[in-house]
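Visitor: There's a structure below that I have some questions on.
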Amino acid sequence: MNRNVSQMTAVFVVIWLAMVGSTWAQEDEGPTATLRFVVVRDSDGKSVRNAEVVLHPVKRKGKQDKGEMELKTDADGKTNIDGIPYGPLRVQVLAPHFQTFGEDYEINKAEMEITVKLKHPGGQYSTYDNHADDKKPQ
């Protein structure tokens, strides 16, 4: 009986230390932001539901860092997330029947709204088509 109590106490202390350590680590990371995303069609401004918004942290030299977060837009084409640290962030948006969107943003405010306008895919270029009107590189 006494052994069970000491084991439970040890587990409680470990959990408490993990929670306190996590809180301290969050405080050391600096300020965080709340991001709101609105995803619409470029052609008519209507919302795009179930678009996948993928967030990638970016290192100082522009290389993508490990880890990512994935969000889905609601029926109004909106999604949001809290606790994103200040600094560079790569945003990709994917949705069926649209071109993939990608851009880097500098997160530097407590609240930011990012509007993404998705375009329909363009036609594919074929070497078999007549391109007499196209300018040739010089």
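Visitor: From the list H97, H120, pick out the single residue that is touching a residue at least 24 places away in the same chain (Cβ under 8 Å) and surrounded by fewer than 10 Cβ atoms within 10 Å (Cβ to Cβ).
Guide: H97
Visitor: Ok, one more. Looking only at the stretch 55-74, count every residue that is in a strand (DSSP E or B), surrounded by 14 or more Cβ atoms within 10 Å (Cβ to Cβ) and not hydrophobic (A, V, I, L, M, F, W, C) and tell me the total.
Guide: The qualifying residues number 2.
Visitor: So, one more: Note down all Cβ pairs under 8 Å where the first residue falls in the stretch 44-57 and is on the phi > 0 side of the Ramachandran plot and modelled with pLDDT of 95 or more, the second is among the β-branched types (V, I, T) and in a loop (DSSP other than H, G, I, E, B), and they're at least six residues apart or on different chains.
Guide: N50/T73
The values are calculated or read from the model by the stated rules, or taken from the named source; none is laboratory data. From a predicted model like this one, the values you see are computed outputs, not experimental measurements. When we count neighbours, we look across all protein chains shown, and the Cβ atoms used for this are built from the backbone with ideal geometry, even at glycine.
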